[in-house]
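Worksheet: the structure to be examined is printed underneath.
The values are calculated or read from the model by the stated rules, or taken from the named source; none is laboratory data. Model, not experiment: these values are computed from the prediction. Backbone-built Cβ (ideal geometry, glycine too); neighbour counts: all protein chains shown.
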């Protein structure tokens, strides 16, 4: 057990190692004060309630690299588990200098990804009982997309397209350059593989009608009020899927879900979720 809620995200080892090396540089000047042979028992615990995520990375960074009976690490939870303040999620026994050197890198991932998973869970809980799925966006921290989208899944959300390469989404600027919705959908159908769905961002009900008539698979209802969203869904139900976007918060998401949309995209899951605090402590009485 290493904490991952499989499948794990792509290329996480390189990201974790780069983060650690960014912190370590030419060496830990503070850790140099410690006896390199000193061994201690340690643990990580949550300092607030939420959903834990990032345990696989923390385990990988803090694990003993040599097999010895007096060294070890235990993962006490799995990514996606709910935790309360004081819940221990990892514990182990290792060289003190190694632990203090890697502590911040491990906690940074744990806090950031748990924050996204926790906020996602709040949105998912808020639309419980409806057909709406909470989905993420491409508004991610540069270089962290695969990890943040993994955290969304751990929080019960659903991933939208991963990038420009695995889905067509015609937004306002595309439509402006292409001359309108119908022409945009026509060109997308001509250029995209037949296995790829075509999504169109619509700001008015007239655009919705045009996009549906042109054969769009998904309609993004951008910054529409719930009444207009409901009208669009009722008029075209069964002909395409509908995604609500813009102005979504924990206070408004239930209203959007009640309109009958299939998806609700929430940018704040990955661009402004508050971190969930964790800390690492040495045991007073080592095992």
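Of the residues making up segment 229-247, those that are in contact with a helix residue (DSSP H, G or I) (Cβ under 6 Å, 6 or more places away or on another chain) and either modelled with pLDDT under 95 or not in a strand (DSSP E or B) (or both) are 232, 236, 239. Those strands (runs of 3 or more DSSP E) of segment 120-215 in which 3 or more residues are within 27 Å of residue 54 (Cβ to Cβ) occupy 133-135. Annotation note: of 85, 74, the sole residue that is surrounded by fewer than 16 Cβ atoms within 10 Å (Cβ to Cβ), out of contact with any helix residue (DSSP H, G or I) (no Cβ under 7 Å at 6 or more places or on another chain), in contact (Cβ under 8 Å) with a residue 12 or more places away in the chain and part of a strand (DSSP E or B) is 74.
When you check residue 224 against the structure, is it in a loop (DSSP other than H, G, I, E, B) and either touching a strand residue (DSSP E or B) at 6+ places or on another chain (Cβ under 7 Å) or crowded, with 19+ Cβ neighbours inside 10 Å (or both), yes or no? Judged against the criteria, residue 224 is a match. Scanning segment 258-287 for residues that are surrounded by 15 or more Cβ atoms within 10 Å (Cβ to Cβ), part of a loop (DSSP other than H, G, I, E, B) and touching a strand residue (DSSP E or B) at 6+ places or on another chain (Cβ under 8 Å) yields a count of 7. Considering each residue of segment 60-68 in turn, at least one proves to be in a helix (DSSP H, G or I) and either touching a strand residue (DSSP E or B) at 6+ places or on another chain (Cβ under 8 Å) or more than 19 Å from residue 95 (Cα to Cα) (or both). Once segment 130-167 is narrowed to residues that are more than 18 Å from the chain's Cα centre (by Cα) and at pLDDT below 95, the residue that is farthest from residue 195 (Cα to Cα) is 165. Residues in segment 179-187 include none that are under 26 Å from residue 152 (Cβ atoms), touching a residue at least 12 places away in the same chain (Cβ under 8 Å), touching a strand residue (DSSP E or B) at 6+ places or on another chain (Cβ under 8 Å) and in the same structural domain as residue 132 (by TED's automatic domain parsing). Considering segment 37-56 alone, what residues qualify as being touching a helix residue (DSSP H, G or I) at 6+ places or on another chain (Cβ under 9 Å), within 14 Å of residue 111 (Cα to Cα), in contact (Cβ under 8 Å) with a residue 60 or more places away in the chain and not in a loop (DSSP other than H, G, I, E, B)? If the condition is that a residue be touching a helix residue (DSSP H, G or I) at 6+ places or on another chain (Cβ under 9 Å), within 14 Å of residue 111 (Cα to Cα), in contact (Cβ under 8 Å) with a residue 60 or more places away in the chain and not in a loop (DSSP other than H, G, I, E, B), then 44, 46, 50, 51 are the ones that fit.
Regarding residue 253, is this residue assigned by TED's automatic domain parsing to the domain that holds residue 129, under 22 Å from residue 149 (Cα atoms), in contact with a strand residue (DSSP E or B) (Cβ under 9 Å, 6 or more places away or on another chain) and surrounded by fewer than 21 Cβ atoms within 10 Å (Cβ to Cβ)? No; evaluated as a whole, the condition is false for this residue.
Can you find a residue in segment 95-117 that is over 22 Å from residue 47 (Cβ atoms), assigned to a strand (DSSP E or B) and outside the structural domain of residue 40 (by TED's automatic domain parsing)? Checked against the condition, which is being over 22 Å from residue 47 (Cβ atoms), assigned to a strand (DSSP E or B) and outside the structural domain of residue 40 (by TED's automatic domain parsing), segment 95-117 yields no hits at all.
When 207, 148 are screened for being crowded, with 16+ Cβ neighbours inside 10 Å and closer than 30 Å to residue 14 by Cβ, only 148 passes.
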